[in-house]
Every structure is written in C-alpha cells, then in structure tokens.
Amino acid sequence: MVLHKRSSPRFVGGLGLLAVAIWASRAPAVSAQQTVNVLYAGSLVNLMEHGVGPAFGRATGDRFQGYAGGSNALANQIKGKLRQADVFISANPKVNAGLTGPSNGSWVSWYITFAQSPLVIGYSPSSRFAADFKTRSWYRVLMEPGIRIGRTDPKLDPKGALALQLMGQAETLYGIPGLSRRVLGDPENPAQVLPEEALIGRLQSGLLDVAFFYSTETADAGIPYVPLPASIGPKAVYTVAILRDAPHPAGADRFVAFLLGPTGQQLLREHGLGLQKPALTGAAPTVPRDLQSLLDQAN
C-alpha cells in the first residue's frame, strides 16, 4: 500500500486512518536496534570481525562491536570491571569458573559450549625450517638451533597453557626427557610469549618460524601446519555467555541465538571450527527462553 504525501490532509481521516491501523496491526514487532559488545577469544578474530559480526548485523540490524584477547585476560578484565560487555566467548570452559558465583561477582550464571578447534603447529612457508616439517618429526624440528617459536602467555590465554600441556605429553609419549624445556624454555619465556592477536602477524612477516595455533587460525590465514597426534593433541573448546548486567540484553540474546543458529553454525564450519552439540552448563532458569528452545531442539 502506498501512502500519499503528508501535504494531502484529506487522506488522513476516515478510510486513510483505517488503512494505517490495519497496516500497523499486521506489521511485525521490531525490537530496538542495539550495539552488542562482545569480548571474545583472540583466536576468533577473523571469524568474528569478517564473518559472524557482519552477518549478524545484516540479519538483525544490530551493530556488532567486538574486542579480542586471551580468554583469561578478558575474564580478569570483566571481574575487575575494566571492561563492560554484553557477551563473553571463551576458548576454555574452565575460564567461566572464575566469573561464576558470588565470590567472583556472579558475572556468568550459565554458558553454552558450541565449538572446538585442535591445537596445531603452524609454520612460515618462507622459513628455512619449513622443509624440515615435511621430512622430520615435528618435535625434533622444534629443537633445532636458531628456530624462532611463538606462543601465548599460559597465565592469560588457554592456548598458551595448552602448548605447555602438549609439550609435557610429547615428552612422555616420545620418551625424550627435558623435551618441553628444550623447546619452550621457561613457561613464561619472554623470547617466545606474545599477545595472541600478534602471533599470526609475526609469523607472516617472517619474525617467527613457527607458532602454536588453533586450526581455525591456520585455516583463516592460510598458514601451513603440522597436525598433532590425537593422543596428545589438546584443543580449544569455545563457550558463549551473556554477562550479568549486560547493557544490551535483548541484543545479546539475539547475538547468541544467531551464533547458535543455522547461519552462525555455517560460518563456524567455514572458518575451520568443529561444531559441537550446544550444551548448557549452569542455571537453566536464567537462560533466555528462545535460547532454551534452541538447546531443546539441538538435544
């Protein structure tokens, strides 16, 4: 139906008002558009900024605003009230424990596990050690003199902790005492430890020969990698939660529903993540009704 210009006063009355009323009664209810602030694990930068974020905006009219960092570091910032956000996405379910319960500020009352990504050894194709990964065992290449290795801080990022776990397990599996220390040095070795968001850039610019990544990162960046044995290959397990006192709860609800819905799931696959059946941990009664319906359908 086409309405005349407002300069036609005789239209606004009688049948005109009736038509407007009928149109309004049939129009779908539209929630106010909101800017949804999402704190997310740094391994998901490309997925969030170039995949989920823009697609969410097109689908809902809301605006995605993301900030990436190590999961533990982000949790500490939430707990210390240094950052306020609507949604928190972690790469390790255990991180949520530090935000759960009155002693931790009750920032998280529930979270949903939704995807995973194994740890891999990514290397620069221009590195002088690149050919060695095709002919020698990965752990022996990492012990070669002069190789420049990058990883994240094990205190601030689950990926850094998983790198330590991996090398400890490899030491036992391959029977090489001291392997972990020979490759990594001290747990917080300043020659290796870098911010999560800097690793890919350092590798691609030739400042690193090799680094510990999740498979989603190497898939997005086109970085060649060495897969690890399943028996010792740890992985990121991603969770999503709406934070207490989220400034935009309706927008946060829509974002999580989009992430767990068909389009969000397809984007996760395209960015190299392994999908998991969404699983809820925490206080089910506090989960928004539409998200609870999605969980019921998935299970």
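Could you run through the range 120-146 and say how many residues are farther than 18 Å from G222 by Cβ and within 29 Å of the chain's Cα centre (by Cα)? The number of residues fulfilling the criteria is 3. Would you check if there is a residue in the range 103-110 being modelled with pLDDT of 95 or more, under 23 Å from P227 (Cα atoms), of a type in the set (S, T, N, Q) and under 22 Å from the mean Cα position of the chain (by Cα)? Among the residues of the range 103-110, not one is modelled with pLDDT of 95 or more, under 23 Å from P227 (Cα atoms), of a type in the set (S, T, N, Q) and under 22 Å from the mean Cα position of the chain (by Cα), which makes the answer no.
In summary, helices (runs of 4 or more DSSP H) completely within the range 213-299 and bearing 1 or more residues that are within 18 Å of the chain's Cα centre (by Cα) and among the hydroxyl-bearing types (S, T, Y) occur at 215-221, 262-270. Scanning the range 127-138 for residues that are out of contact with any helix residue (DSSP H, G or I) (no Cβ under 9 Å at 6 or more places or on another chain) and in a loop (DSSP other than H, G, I, E, B) returns R128, A130, A131, R136, S137.
Of the set (1) out of contact with any helix residue (DSSP H, G or I) (no Cβ under 8 Å at 6 or more places or on another chain); (2) over 27 Å from A97 (Cβ atoms), all apply to V210 but (1). Of the strands (runs of 3 or more DSSP E) lying entirely inside the range 39-124, those containing at least 2 residues that are under 19 Å from A279 (Cβ atoms) and either touching a residue at least 24 places away in the same chain (Cβ under 8 Å) or in contact with a Ser or Thr (Cβ under 6 Å, 6 or more places away or on another chain) (or both) are 87-90, 110-123. Exactly one residue out of A219, A241, A279 is assigned by TED's automatic domain parsing to the domain that holds D132, under 30 Å from V120 (Cβ atoms) and hydrophobic (A, V, I, L, M, F, W, C): that is A219.
The values are calculated or read from the model by the stated rules, or taken from the named source; none is laboratory data. Treat the numbers as computed from the prediction; the structure is a model and nothing was measured. Note that each Cβ is placed from the backbone with ideal geometry, even for glycine, and that neighbours are counted across all protein chains shown.
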